[in-house]
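As structure tokens, the structure follows; a few thoughts come after it.
Just so you know, all these numbers are worked out from the coordinates, no wet-lab data involved. Since the structure is predicted, the reported quantities are computational estimates derived from the model, not experimental observations. No Cβ is skipped: glycine too gets one built from the backbone with ideal geometry, and neighbour counts run over all protein chains shown.
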């Protein structure tokens, strides 16, 4: 529960999900001391929508294993290892899985909805009977563009482990490499740092940037990936919140499977990364 | 939301942020999210202004407000809520309209940055001018359903809000409404007109009976006269006002039904030219309809009250609903003082029942599928649902653009569009370079000038003031003098000085073809030179025309960027929202360019937008392949087929088309489908 988690929680509560469990093991920093992060935030989550049952629990995700009790799970700022592990549990149990993070100006979201069914509203294709000599005007008059029909569709998602294990070596990967959002590779670097250092890079730790400068593809990224920037949390939290609602309501095509936001360029990309769909 | 306050920003930027003084105009859907983002980013001097009070319908997305706040000032409560989680912020709240003259150019000059979180075009125009006059950068934004947009306006550097003509709300051609409706929206508009004709203010432009002057019917005059005579003899269609006639029947629902859905329709059928290429309407007979079974409403549980609105009933049920609502409304009218009329309101159940019933009966007569009360309400009330997450994303983007401005990197600012689905280049959020100012803009050019065509013998001074200067050119308190060498004052913003001129015609003041007027708005620090062209051949019901500004007919050349329809979310024409119509907050009325387009519901919006873009690109009505160029990287050409459902969803193609509004749009070959 940090900036992004709070944004997502706010959006879900406003959207009116039936129940929401917030889970965190940390104390509030900088805010009112004493409570867990889940019970803080502007304003108290319960005030946002009294119809939503909000529970706050202390503990680490996956440790006490509350996961299978919920139809959807959304993680923020977890290590790569816990994300992969919890995603595996969810994938096996048919639980919709989301994760996301914000690093300075950069943010991402990942979704594994397993085998996901949804409906999409499509305009009805007007059948124009052939052979009738109609002027274009009359043809248009008969068409009723406001008519829509609901179309059932399906999408297959892959687990996070596979999405992060895409191989980029070899010639066939070269064109894909050029087209893929650089944020995907930045994510790899940052998750690696988190695993090795046990924390996120910070601007005051001078050694952070020096040590990693060989790994980071573009040096300018270095100055834009510290801490969680509130407006970036708002953007990623908005997209992530909407995706959770979409998955719950099974309406409209979900973003399959990554969303990357680059706050420096103001660009948001949806990428499908992982093994080719069967 | 415990994002670190100092961590992510470079020290110079962090300092600029904490010292910046920002004005947030609007504390609604975007405004609430924006205020939260601002304090969490480290802004500490924030001024917020909103004239609205909190309505219960705001609570699902304006998260700074709770039920206990309903009825209180939005800006004040927003300030209190923000201070609860960020007590050190210095927030000043005004419960007022930004168009109040107290907020003059001096007021605007004190800010580093102004951010709009508005829901109406009148206020957007005004803030645009104030920021131009004060030379303060402005971040403009808007949302409509899943779509949103953020852009930056800086005097002399970028386009201003008014550089590209914004389409005005389209009214449908009278003969489509009266004679040949082809879409449900035409019937809904007709039903709303009918309401006004029967119970409301009568308006000659809202006639509902068959139009004998329909040029398409193209009768011989003699024949027309004979028909008119014949119909008079029938005693059915007389030239008395609909209201008078209805009154004389005592608002008898059966007589009204018979006139509207049988006799008028029969009359239309006699205009046989209309039906050569159209499916002719089928008159309805009250007695026949009464033989039908009534719909049995679902009475399974209480919650069906909500679902009931979403059911489409049968003709009999709508005939009964028509009858019932006519009775109720005529009673309401009788309770009113003499001469007073009812006002149509989508939230008045009987008014909504009436429009639902009348529109559906007409749809049935014209062979269209009927619609649920719910659908009709959303079309009649121009409702596009506001979505909290869209506002959240847009508010985040506003702050990011603000940070670029504060770093002195306005060249890196972009117009950013939020799509519902990623475009073919996988972009959900699409940044586009800002356009330079339009040298011919009638607002931000160094000497703004415009040419208006009107009939000087017909247009009064009051029309010039209200419809041209205030409505069209968004002035608040104009002063006008004639450039006749004497500087004759035509309109003064001081009360009591020129009211005597109001009802006189322009020609009475020696204004004729080629006359020039100088219009000043002292508050906006804005002077507009108006060249008048006298014209006697304007279309019927058109009082004036701004030359070069008729987006319905003349699209920009393909090389120019198409007129940008800022999805200013919430552009509800020109009127500022008030607390009496709160659910229209964040609502869009998108005009339609084309006779066959509805202007209202969300899906209709996409269509009208598409059509506009097609026109804007000079390849009217055609689907096409196109290339787009964005900044440095080159792009993909997507070709679309009429039924390109598989790879290119409706949303994608829409977003793709929306790209055309942005800079660098280019049509590469048009493939016509009709």
Using the 10 angstrom Cβ neighbour count as an exposure proxy, how do B:249, B:41 rank, fewest first? B:249, B:41
Packing-based exposure ordering (other Cβ within 10 Å, fewest first) of B:183, B:159: B:159, B:183
Is there a simple number for the mean count of other chain Cβ atoms within 10 Å of the Cβ of residues in B:421-431, and what is it? 6
Can you pull the mean other chain C-beta count within 10 Å for peptide B:63-71? 3
If packing is taken as the average count of other Cβ atoms within 10 Å, what order do B:340-348, A:148-156, B:124-132 fall into, highest mean first? B:124-132, B:340-348, A:148-156
Across the residues of A:257-266, average count of Cβ atoms on other protein chains within 10 Å? 5
Neighbour counts of other C-beta atoms within 10 Å: give me A:112, A:262 arranged from fewest to most. A:262, A:112
Inverse of mean 1/r across different Cα pairs in the range B:371-495, Kirkwood, Å: 20.0
Could you work out the relative contact order of the range B:1-126, using alpha carbon pairs under 8 angstrom and six or more residues apart, expressed as a whole percent? 31
Just to check, using Stokes-Einstein with a Kirkwood Rh over alpha carbon pairs, what's the diffusion coefficient of the range B:243-397 at 37 °C and 0.692 mPa s in µm²/s? 184
What is the packing order of peptides B:22-28, A:12-18, taking the mean over residues of other C-beta atoms within 10 Å and listing the highest first? B:22-28, A:12-18
